[in-house]
Amino acid sequence: MDKYQQEEHGHDAVEEQVAWHTVGIVSGSGDPKWLGIGTGCAIRWHDQDFILTADHVIRDTDPRDLRFFFRAPGALNRKERSELLELKGVATKSLVPFRETQIGEPIRFPELDIAAIPVNRQIEHERLVQFFRLNEGGQTPPEGSQLIIMGFPHDISRLTTDDERVAFTSIEWTDVHPNQTNLDRKFDPDRHFLSRYYVTEEHPDAEPHGFSGAGVWTPVRVPPPAVWYPKLALAGLTIGYYRTSTVLQSIRREIIEDFLIDSL
């Protein structure tokens, strides 16, 4: 196996691991019930299990109406954005429906746009998700560090032959971007960091709406002679997008930890 193949297999393994920690969140109550889509990040903090997400993903939803997508069995089914955009319909037999899951009352911090949804650990025993153990002392990596984000952007969702909407995951390999001062929305470098949304280079109209709440991960190097495995660290949580600059806005890892310490 040459170096390129090794890197490709390594990227695939990292994506598979990120998928185990990624949850789709179906939101909306009343007339728009179950019409919203966002992303969550499954974590374990001090032996308690949560789905972290952006507060605005669940803000207008009765917690009893929240529903969740978990990864499908088997390896990830990878398709290019262009393939998904060309789909005329989706066969329902291969789809995994959203499901109701036992949750506790969400812990919210609207000012930071972050929320933690307590969940029953039983879903891990059903091999639906893996909770990432978040230890104290984590930090967002420095500028230029490699990142990976997996979310459920609305613009690649498609309708089934029964006129029901299907969400697909999208994976963005990116990096910690330099801070900017010309942003059209409040940006606090002590709380936030930026990353480029590179998919817009090939698809200028691409919109990451639906990535909100997605974990931002950084691969961690496993030095020899240890056997390599896809080791991850949580770098942050996606909360927004600056369309003009094509950069994603995320909450820093340190702020996530402060929220968990202060709220739990």
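Can you confirm whether Arg196 is farther than 14 Å from Met150 by Cβ, in contact with a His (Cβ under 7 Å, 6 or more places away or on another chain) and either modelled with pLDDT of 95 or more or of a type outside the set (A, V, I, L, M) (or both)? Yes: the conditions hold for Arg196. Residue-level check: of (1) free of Cβ contacts under 8 Å to residues at least 60 places away in the same chain; (2) surrounded by 15 or more Cβ atoms within 10 Å (Cβ to Cβ); (3) farther than 26 Å from Glu257 by Cα; (4) within 17 Å of the chain's Cα centre (by Cα), Arg67 misses just (3). Put simply, of Trp217, Trp228 the only residue that is hydrophobic (A, V, I, L, M, F, W, C), surrounded by 12 or more Cβ atoms within 10 Å (Cβ to Cβ), at negative phi and modelled with pLDDT under 95 is Trp228. Take the residues in the range 12-56 that are of a type in the set (Asp, Glu) and either in a loop (DSSP other than H, G, I, E, B) or touching a strand residue (DSSP E or B) at 6+ places or on another chain (Cβ under 7 Å) (or both), then tell me which one is nearest to Val220 (Cα to Cα). Looking at the filtered set, the residue picked out is Glu15. Condition check: assigned to a strand (DSSP E or B), within 18 Å of the chain's Cα centre (by Cα) and either surrounded by fewer than 20 Cβ atoms within 10 Å (Cβ to Cβ) or of a type in the set (Val, Ile, Thr) (or both). Does Ile251 satisfy that? Criteria met by Ile251. Just one of the numbered conditions (1) modelled with pLDDT of 80 or more; (2) surrounded by fewer than 19 Cβ atoms within 10 Å (Cβ to Cβ) is not true of Arg165: (1).
With respect to Pro204, is the statement that it is farther than 16 Å from Gly40 by Cα and over 16 Å from the mean Cα position of the chain (by Cα) true? Spelling it out, Pro204 is indeed farther than 16 Å from Gly40 by Cα and over 16 Å from the mean Cα position of the chain (by Cα). Taken as a whole, the condition of being modelled with pLDDT under 80 and within 24 Å of Val26 (Cα to Cα) applies to Thr160. Of everything in the range 115-136 that is assigned to a loop (DSSP other than H, G, I, E, B) and touching a residue at least 60 places away in the same chain (Cβ under 8 Å), the residue that is nearest to Gly38 (Cα to Cα) is Val129.
The values are calculated or read from the model by the stated rules, or taken from the named source; none is laboratory data. Computed from a prediction, not measured in an experiment: that's the story for all the values here. Note that each Cβ is placed from the backbone with ideal geometry, even for glycine, and that neighbours are counted across all protein chains shown.
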